[in-house]
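Chemist: Please see the structure below; I have some questions.
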Amino acid sequence: MVESELLARLRQGDDEAYATIFREHYSWLVLTASRLLGDRSLAEEVVQDVMLELWRRREELALTGPLRAYLHQSARNRALNHLRHGRTVRQSEPYVRPPTAAPRPDARVTSHELQDAVAEAVSELSPPQREVFEMSRRDGMTYPEIASALDISVKTVEARMGRALRHLRERLSAWLPPGGGW
């Protein structure tokens with residue numbers, strides 16, 4: 001079947017067209033993601049996310065090139081985002097402190113002061129920055145998930161989050177460990 005026909009059927013919600021695309025592309029997408037991630041099961045998860053997103057966005061899918069190239073780029077981007085996220089988590093580990101045996105007497109007051117300071121700093125963010133920040137931090141969404149939900153690019157999500165974190169770092173500098181561990 002010609003790719004354009006297959007895509008037209010996919011846009012109309014044809015399960016068989018989707019299954020055909022899945023069968024044709026799944027294996028090599030997993031291989032591509034595995035090379036980047038070094039973990040086949042993680043690569044399979046990434047590719048399943050890509051294929052699920054293809055189904056979710058099938059009606060508005062507007063490709064400028066071959067479907068194979070679109071799927072390859074999507075899988076590559078998701079794999080790289082996963083690696084980037086893992087690097088961020090590893091870099092933040094030194095700032096995660098284990099709980100102490102007994103909290104300090106002023107810990108409750110300090111905690112409330114910090115919560116108030118964070119709430120105030122978040123409220124100062126622009127609406128787009130606040131929305132991306134809260135979807136990431138409060139709702140636990142990944143950048144690609146946020147981009148999809150807001151119908152914006154992952155780069156836009158990254159830019160908004162970067163500006164939001166810079167603002168929060170500046171406003172909350174008194175609460176952060178030396179070196180700005182945020």
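Chemist: Mean 1/r over all different Cα pairs, inverted: what Kirkwood radius does region 3-89 give, in Å?
Modeler: This gives a value of 13.3 Å.
Chemist: May I pose another question? Which of the peptides 57-64, 2-9, 32-39 is most tightly packed, and how do the rest follow, going by the mean number of other Cβ atoms within 10 Å of each residue?
Modeler: Result, highest mean first: 32-39, 2-9, 57-64.
Chemist: For region 118-153, which trypsin sites (Lys or Arg not before Pro) are in a loop by DSSP, counting at most 11 other Cβ atoms within 10 Å?
Modeler: Those satisfying the criteria are Arg138.
Chemist: Then there's this: Order of Glu131, Glu124 from fewest to most other C-beta atoms within 10 Å?
Modeler: Final ranking by Cβ density, sparse to dense: Glu124, Glu131.
None of the figures in this text is laboratory data; all of them are computed from the coordinates on show. Given the structure is predicted, the values throughout are model-derived calculations rather than measurements. Cβ: placed from backbone, ideal geometry, glycine included. Neighbour counts: every protein chain shown.
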